[in-house]
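Everything below concerns the one structure shown next.
The values are calculated or read from the model by the stated rules, or taken from the named source; none is laboratory data. Computed from a prediction, not measured in an experiment: that's the story for all the values here. All Cβ positions, glycine included, derive from the backbone under ideal geometry; neighbour counts span all protein chains shown.
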Amino acid sequence: MSRIGKRPVAIPSGVTANIENGTLTVKGPKGTLSLGLSDLIDYKVEEGEIKVNPANDTKQARSYWGMQRTLVSNLVEGVTDGFSKTLTISGVGYRAQAQGRKLKLQLGYSHDVDVDVPEGLDVQTPDQTTVIISGIDKQAVGQLAAEIRRWRKPEPYKGKGIKYQGEYIFRKEGKKK
């Protein structure tokens, strides 16, 4: 039994959910998201909540159960509140600047790095060392944050690089004489 899958997903006021042609569509104040439904799981929209149950008692259906419930929950949370990730840049001369649908990064390379911001996401730079990525799709927000972080991962000796806010970087001691 999945402890996560057993709990129904509550639908707040102002949000509508609809199942049509194997797709769950959720509309809310921030936009519309949809999810392709698995044949191994039964989805029911009733009385202000979405219930997710395995269609049969196979091991694969039970293993999908909790994950599918979490995906449905992310849809509902995305159209009501949205998601955001904050990246922190540390290093001498390292900085970021949002310019329309592009993010310009100076990360110690001989050239500036330009990252295109996908449609549906918003990138803000309140200061030169902070990048805030926000949107309604949790997967897209996390993917863009990972692509930006990949340009200069934090290194363990001086801690320079791009890290998630709150991420702990295990620091190593340098060479000794």
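If Gln143 satisfies all but one of (1) surrounded by fewer than 17 Cβ atoms within 10 Å (Cβ to Cβ); (2) in a strand (DSSP E or B), what's the number of the condition it fails?
(2)
Is there a residue being crowded, with 17+ Cβ neighbours inside 10 Å, modelled with pLDDT under 95 and within 22 Å of Ile4 (Cβ to Cβ) anywhere in the range 55-62? Step through it out loud before you land on a result.
Initial filter on the range 55-62 (crowded, with 17+ Cβ neighbours inside 10 Å): 61.
From the residues that got through so far, the ones that are modelled with pLDDT under 95 too are 61.
Those still in the list that are within 22 Å of Ile4 (Cβ to Cβ) too: 61.
Yes, some residue in the range 55-62 is crowded, with 17+ Cβ neighbours inside 10 Å, modelled with pLDDT under 95 and within 22 Å of Ile4 (Cβ to Cβ).
Would you say Pro12 is loosely packed, with under 14 Cβ neighbours inside 10 Å and in contact with a helix residue (DSSP H, G or I) (Cβ under 9 Å, 6 or more places away or on another chain)? Give the steps one after another, and end with the answer.
Working: loosely packed, with under 14 Cβ neighbours inside 10 Å: yes; in contact with a helix residue (DSSP H, G or I) (Cβ under 9 Å, 6 or more places away or on another chain): yes.
When the stated conditions are applied, Pro12 passes them.
Take the range 111-137 and flag every residue that is small (Gly, Ala, Ser) and either modelled with pLDDT of 95 or more or under 23 Å from Glu167 (Cβ atoms) (or both).
Here is the first cut: in the range 111-137, the residues small (Gly, Ala, Ser) are 120, 134-135.
The answer is Ser134, Gly135.
Report yes if some residue within the range 92-113 is surrounded by fewer than 20 Cβ atoms within 10 Å (Cβ to Cβ) and in contact with a Gly (Cβ under 6 Å, 6 or more places away or on another chain); otherwise report no.
no
Among the residues that make up the range 66-87, is at least one of them farther than 29 Å from Val123 by Cα, touching an Asp or Glu at 6+ places or on another chain (Cβ under 8 Å) and of a type outside the set (Ser, Thr, Tyr)? Reasoning before the result, please.
Within the range 66-87, the subset farther than 29 Å from Val123 by Cα is 66.
Pick out the ones that are also touching an Asp or Glu at 6+ places or on another chain (Cβ under 8 Å) and you get none.
Looking through the range 66-87, none of the residues is farther than 29 Å from Val123 by Cα, touching an Asp or Glu at 6+ places or on another chain (Cβ under 8 Å) and of a type outside the set (Ser, Thr, Tyr).
Does Glu155 meet the test of being among the charged types (D, E, K, R), surrounded by fewer than 18 Cβ atoms within 10 Å (Cβ to Cβ), more than 17 Å from the chain's Cα centre (by Cα) and not in a strand (DSSP E or B)?
Numbers: among the charged types (D, E, K, R): yes; surrounded by fewer than 18 Cβ atoms within 10 Å (Cβ to Cβ): yes; more than 17 Å from the chain's Cα centre (by Cα): yes; not in a strand (DSSP E or B): yes.
Criteria met by Glu155.
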